[in-house]
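Just so it is clear, none of the values below were taken in a lab; they were calculated from the coordinates. Note that the structure is a prediction, hence the values are computed from the model and not measured. FYI the Cβ positions are ideal-geometry reconstructions off the backbone, even for glycines, and counts take in every protein chain you see.
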Amino acid sequence: GEEMAAENCIFCKILSGKAPGHIIYRDDDIMCFLDIAPVSMGHTLIIPVKHHDNIFTLSDSEVTALARQSKRLAPIVKRVTGADGLGVHQLNGRAAGQTVFHYHTHLIPCFHGQSMQI
Ligand code: 5GP
Ligand code: ZN
C-alpha cells in the first residue's frame with residue numbers, strides 16, 4: 001500500500017528529512033526542491049506531501065494545491081534563471097518515462113537554441 005511505498009520512496013525521505021534535498025518551499029500540502037540531476041539550471045520539482053505513485057490517485061484538493069504552486073513558482077524560476085521559456089512536465093508510469101514513483105511536476109527553465117529533455 002501507500003505506507004509501504006513511502007518507506008522506500010526517495011521523495012518521502014526528503015520530505016521527512018531522512019535524505020538531503022535543496023528545498024525551496026514547503027507547506028502542509030506540497031513541497032518544492034531542486035532536481036538532483038538538473039537538465040538545466042534551476043530545474044525544480046513540485047510534489048504532494050502525501051505519497052502518491054502518480055496522477056491516478058491524486059485528490060482534487062491535491063491537484064489544486066499542485067497546480068497553484070506551479071503557477072506561483074513558474075515566473076520566479078523563469079526570472080531567477082534568466083530563462084527564455086519554462087517547460088512544465090509530468091510523467092505517469094514507466095512507459096511514460098517516469099523513474100521516481102512519487103508524483104511530481106518538473107519546472108524546467110528553457111533557453112533559445114538549447115533542447116532540454118527530461
Ligand atoms: P521522472 O523521470 O520520474 O519524471 O523524474 C524523476 C526526477 O527525479 C529526475 O529528474 C531525477 O533527476 C530526480 N531525482 C531522482 N532522485 C533524486 C533525489 O534523490 N533527489 C532529487 N532532488 N531529485 C532526484
Ligand atoms: Zn513518496
Within segment 1-26, take every residue that is part of a loop (DSSP other than H, G, I, E, B) and more than 30 Å from HIS112 (Cα to Cα) and give me the one that is farthest from ligand 2 (Cβ to nearest atom). PRO20
Return the pair list, or none, for Cβ contacts closer than 8 Å from residues in segment 99-118 that are free of Cβ contacts under 8 Å to residues at least 40 places away in the same chain to residues that are in a loop (DSSP other than H, G, I, E, B), at least 6 apart or on different chains. HIS112/ASP84
Can you tell me which residue is farthest from the chain's Cα centre (by Cα) among those in segment 27-36 that are in a loop (DSSP other than H, G, I, E, B) and closer than 24 Å to CYS110 by Cβ? ILE36
Looking at (1) buried (at least 17 other Cβ atoms within 10 Å of the Cβ); (2) more than 16 Å from ligand 1 (Cβ to nearest atom), can you tell me which one GLY113 breaks? (1)
When GLY87 is evaluated against the numbered criteria (1) of a type outside the set (Ser, Thr, Tyr); (2) within 14 Å of the chain's Cα centre (by Cα); (3) within 16 Å of ligand 2 (Cβ to nearest atom), which criterion, by number, is the only one it fails? (3)
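State yes or no: is LEU66 touching a Phe, Trp or Tyr at 6+ places or on another chain (Cβ under 9 Å), of a type in the set (A, V, I, L, M), touching a residue at least 24 places away in the same chain (Cβ under 8 Å) and closer than 30 Å to GLN114 by Cα? Working first, answer last.
Numbers: touching a Phe, Trp or Tyr at 6+ places or on another chain (Cβ under 9 Å): yes; of a type in the set (A, V, I, L, M): yes; touching a residue at least 24 places away in the same chain (Cβ under 8 Å): yes; closer than 30 Å to GLN114 by Cα: yes.
Spelling it out, LEU66 is indeed touching a Phe, Trp or Tyr at 6+ places or on another chain (Cβ under 9 Å), of a type in the set (A, V, I, L, M), touching a residue at least 24 places away in the same chain (Cβ under 8 Å) and closer than 30 Å to GLN114 by Cα.
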Within segment 19-45, restricting to residues that are touching a helix residue (DSSP H, G or I) at 6+ places or on another chain (Cβ under 8 Å) and over 25 Å from SER59 (Cβ atoms), the one that is nearest to ligand 1 (Cβ to nearest atom) is ALA19
Out of ALA83, ALA74, I need the residue that is of a type in the set (A, V, I, L, M, F, W, C) and touching a Cys at 6+ places or on another chain (Cβ under 7 Å). Which one? ALA83
Quick check: is even one residue across segment 81-97 polar (S, T, N, Q), surrounded by 20 or more Cβ atoms within 10 Å (Cβ to Cβ) and either outside any loop (DSSP other than H, G, I, E, B) or touching a residue at least 24 places away in the same chain (Cβ under 8 Å) (or both)? no
Within segment 37-80, can you find the residues that are touching a strand residue (DSSP E or B) at 6+ places or on another chain (Cβ under 8 Å), within 16 Å of ligand 2 (Cβ to nearest atom) and not in a helix (DSSP H, G or I)? LEU45, ILE46, ILE47, PRO48, VAL49, LEU58
